[in-house]
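**Student:** Take a look at this one; I'll ask things after.
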Amino acid sequence: MLKQLLIKNAAIIAEQRLDFGPGLNVLSGETGAGKSILLDCLNFALGCKADRELIRYGEETMTVRAVFEIDDQPELRAAMEGMGLEWEDVLILSRSFSRSGRGEIHLNGQPAALSMLKQLSGLLIDIYGQSEHVSLLKVSNHIKLLDAFCREELDPLRQRNRALLADYRQIAEELGKFGGSEAERARLIDLYAFQLEEISEAALQEGEEEKLQEQRALLQNAEKIRAALSEARAALSGDYGVIGNLGSAHYRLNQVSRFDPELEALSEKLNDLKFEAEDLADRLEQRAGDFEFDERSADRIEDRLELIKRLKKKYGSGIPEILAYADRISEELEKLKNADAEIAGLTERRGQILARLEKNFRAMRKIRQGAAARLEEKITGELRQLNMPSARFVIAFGEEPKEAVGHLSAEGWDSLEFLLSANKGEPLKPLSKVISGGEMSRFMLAVKTVTAELDDLETLVFDEIDAGISGQTAGVLAQKLERISRTRQVICITHSPAIAAMGDRNFLITKTETADKTVSQLSLLNEEGLLAEIARLTGAVVTGEHALRHAADLRAWAAREKAGT
């Protein structure tokens with residue numbers, strides 16, 4: 001439940017702290033005292049659009065903090081854990097906004113995104129009033145409310161549907177490997193056969209591309225290599241080359257080698273070097289003959305490299321990947337060519353699953369239709385008690401689909417919408433098109449009276465739900481709010497003395513003016529202050545003895561209603 005709301009620098013509120021309690025919390029005050037500002041601040045803390053106009057004049061930043069006491073709600077716990085928030089028995093939503101347009105959000109002291117704030121606040125509190133927070137104006141919420149009304153009957157079917165859908169997706173994945181439809185399978189067979197033929201005709205060899213690149217480099221530099229070889233050979237065997245010089249050196253040394261055995265060894269070594277140089281010169285001459293540019297060889301290499309490049313773009317980053325792809329699609333091709341029996345089996349299983357889903361969906365529709373009839377009766381009865389004696393409430397179901405394909409969901413295939421005729425003689429129409437502010441308030445209260453036990457939201461806020469209601473109807477409305485507040489925290493902004501009398505915790509909002517500022521303040525009323533406020537709400541110009549006695553009578557009536565006597 002909402003334990004505390006702290007507001008700083010919002011409109012005419014300088015700084016205000018509200019400590020709410022369980023049961024029925026009632027806020028009242030003169031028109032313009034700041035009740036709507038309180039609701040705007042709460043909406044802001046829950047993630048609604050920030051508005052610079054809400055920042056107090058003369059201030060740069062406004063801040064609102066909402067403190068919730070939370071029970072162990074599985075959905076809320078899962079959401080918090082998914083955000084990296086540790087589960088605690090208190091959740092603090094803090095949000096600030098400046099005139100520059102910058103804002104900050106914290107969840108239990110940790111910085112957070114707006115989407116996180118909205119997700120958590122949607123699991124904590126619901127606001128009913130003439131604003132965008134009226135959740136039942138969203139058609140998508142209608143089936144959720146009805147399903148909550150018959151949850152125990154639907155849940156076993158939902159579980160079966162989830163298991164069937166898991167099997168269906170697995171079969172669809174298996175069929176996808178065979179190309180899905182027969183036409184798609186035939187297309188894949190043609191495609192794989194073409195690709196295999198293209199790769200096979202290329203006759204690729206691992207390492208081939210690298211060898212071709214080496215050959216291309218040699219051909220492109222043939223003249224340069226040949227020139228270098230010729231120059232090297234000339235350096236060895238030319239007129240003043242190494243071979244001639246070695247021969248001369250050997251001759252000179254050989255003339256005196258008989259005088260010294262070491263000189264003889266050196267002479268032989270020079271002779272060996274001369275023979276090695278002559279052999280090297282011959283080899284250089286032979287290699288120079290190998291490096292003649294061959295245009296046809298160059299064209300062949302370029303064509304081959306271009307073919308490999310095209311295949312790499314289609315089938316892999318290199319020859320090993322291309323060959324691996326060929327092996328893979330060769331296996332797939334064989335499967336596709338011999339898949340008729342397996343496809344027939346999978347298709348039959350898929351059909352069986354669809355038939356079971358359709359059976360479950362029809363069972364869910366029957367459950368919903370039965371629940372819809374009960375919910376229509378209950379809500380219509382509540383509306384009659386709320387001074388809408390001719391109201392007709394109908395839950396209109398969309399046409400039942402002919403097959404489950406296209407509507408595969410554990411929730412079934414139903415679509416529905418709430419329709420209302422608020423007055424006698426008026427046709428049934430969608431809620432957003434037929435309900436006035438007062439009628440919307442009463443309808444929402446009727447729905448919440450019936451469904452208060454169905455959701456996990458612990459706090460409900462009603463903004464002037466008594467608009468356009470007076471007399472006996474206002475008393476009935478107060479009774480219904482009290483009934484809801486037995487299991488949920490209810491916060492109600494009101495002008496109704498009956499609702500104020502029913503409050504478990506009452507706050508008075510007042511506005512005071514100083515020389516240069518207007519300030520809104522909120523105070524918790526004691527019993528004496530509450531009687532005076534009830535008397536004011538009854539319209540008493542002067543809060544005299546008669547007005548206070550009437551207020552005391554209303555409090556006594558409220559006490560009897562709470563006690564069930």
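The values are calculated or read from the model by the stated rules, or taken from the named source; none is laboratory data. Everything quoted here is computed from the prediction, not taken from an experiment. FYI the Cβ positions are ideal-geometry reconstructions off the backbone, even for glycines, and counts take in every protein chain you see.
**Student:** Of the numbered conditions (1) within 20 Å of the chain's Cα centre (by Cα); (2) farther than 23 Å from residue 488 by Cβ; (3) buried (at least 16 other Cβ atoms within 10 Å of the Cβ); (4) hydrophobic (A, V, I, L, M, F, W, C), residue 120 fails exactly one; give the number of that condition.
**Tutor:** Residue 120 satisfies every listed condition except (2).
**Student:** What are the residues in region 64-86 that are out of contact with any Phe, Trp or Tyr (no Cβ under 8 Å at 6 or more places or on another chain) and either surrounded by 13 or more Cβ atoms within 10 Å (Cβ to Cβ) or at positive phi (or both), if any?
**Tutor:** If the condition is that a residue be out of contact with any Phe, Trp or Tyr (no Cβ under 8 Å at 6 or more places or on another chain) and either surrounded by 13 or more Cβ atoms within 10 Å (Cβ to Cβ) or at positive phi (or both), then 65, 66, 67, 68, 69, 70, 73, 76, 79, 83, 84, 85 are the ones that fit.
**Student:** So, one more: If you take the residues in region 52-83 that are assigned to a strand (DSSP E or B) and more than 25 Å from residue 102 (Cβ to Cβ), which one is nearest to the chain's Cα centre (by Cα)?
**Tutor:** In this case the residue turns out to be 68.
**Student:** What pairs come up if the first residue lies in region 153-164 and is crowded, with 18+ Cβ neighbours inside 10 Å, the second is hydrophobic (A, V, I, L, M, F, W, C) and outside any helix (DSSP H, G or I), and their beta carbons are under 7 Å apart, counting only those six or more places apart or on different chains?
**Tutor:** Listed by first residue and then by second, the contacts come to 161/410.
**Student:** Moving on. If residue 373 satisfies every condition in (1) surrounded by 13 or more Cβ atoms within 10 Å (Cβ to Cβ); (2) out of contact with any Phe, Trp or Tyr (no Cβ under 9 Å at 6 or more places or on another chain) but one, which is the exception?
**Tutor:** Residue 373 satisfies all of (1) surrounded by 13 or more Cβ atoms within 10 Å (Cβ to Cβ); (2) out of contact with any Phe, Trp or Tyr (no Cβ under 9 Å at 6 or more places or on another chain) except (1).
**Student:** Pairs only if they're at least six apart or on different chains, beta carbon under 9 angstrom, first in region 380-403 and free of Cβ contacts under 8 Å to residues at least 24 places away in the same chain and within 20 Å of residue 143 (Cα to Cα), second part of a loop (DSSP other than H, G, I, E, B) and among the acidic types (Asp, Glu); list them, first residue then second.
**Tutor:** Every condition considered, the pairs that remain are 398/414.
**Student:** Do any helices (runs of 4 or more DSSP H) lying entirely in region 193-263 carry at least 2 residues that are under 55 Å from the mean Cα position of the chain (by Cα) and touching a residue at least 60 places away in the same chain (Cβ under 8 Å), and which ones are they?
**Tutor:** Those helices (runs of 4 or more DSSP H) span 208-220.
**Student:** Note down all Cβ pairs under 8 Å where the first residue falls in region 336-348 and is over 11 Å from residue 185 (Cα atoms), the second is assigned to a helix (DSSP H, G or I), and they're at least six residues apart or on different chains.
**Tutor:** Within 8 Å, the pairs are 346/171; 346/174; 346/175; 347/175.
**Student:** So which of 512, 487 is within 30 Å of residue 120 (Cα to Cα) and either of a type in the set (A, V, I, L, M) or at pLDDT 80 or above (or both)?
**Tutor:** None of the others qualify; the one that does is 487.
**Student:** Can you tell me which residue is nearest to residue 46 (Cα to Cα) among those in region 123-165 that are in a helix (DSSP H, G or I), out of contact with any Ser or Thr (no Cβ under 9 Å at 6 or more places or on another chain) and modelled with pLDDT under 85?
**Tutor:** 135
**Student:** It is to be established whether one or more residues within region 359-378 are part of a loop (DSSP other than H, G, I, E, B), free of Cβ contacts under 8 Å to residues at least 40 places away in the same chain and of a type in the set (S, T, N, Q). Don't jump to the end; show me each part of the working.
**Tutor:** Within region 359-378, the first condition is being part of a loop (DSSP other than H, G, I, E, B), and the residues that meet it are none.
No, region 359-378 contains no residue that is part of a loop (DSSP other than H, G, I, E, B), free of Cβ contacts under 8 Å to residues at least 40 places away in the same chain and of a type in the set (S, T, N, Q).
**Student:** Can you tell which of 8, 49 is without any contact (Cβ under 8 Å) to a residue 60 or more places away in the chain, assigned to a loop (DSSP other than H, G, I, E, B) and within 35 Å of the chain's Cα centre (by Cα)?
**Tutor:** Checking each option against the conditions leaves just 49.
**Student:** Another question about this same structure. Tell me the helices (runs of 4 or more DSSP H) entirely within region 484-565 that contain at least 1 residues that are out of contact with any His (no Cβ under 9 Å at 6 or more places or on another chain), under 28 Å from residue 4 (Cβ atoms) and without any contact (Cβ under 8 Å) to a residue 40 or more places away in the chain. Give the steps one after another, and end with the answer.
**Tutor:** Numbers: elements: 497-502, 527-537, 545-563.
Filter on region 484-565 gives 527-537, 545-563.
**Student:** Against the definition (touching an Asp or Glu at 6+ places or on another chain (Cβ under 8 Å), basic (Lys, Arg), closer than 24 Å to residue 465 by Cα and crowded, with 16+ Cβ neighbours inside 10 Å), how does residue 8 come out, yes or no?
**Tutor:** no
**Student:** I've got another one for you. If we keep just the residues of region 278-301 that are touching a helix residue (DSSP H, G or I) at 6+ places or on another chain (Cβ under 7 Å) and modelled with pLDDT of 80 or more, which is farthest from residue 203 (Cα to Cα)?
**Tutor:** Within region 278-301, the match that is farthest from residue 203 (Cα to Cα) is 280.
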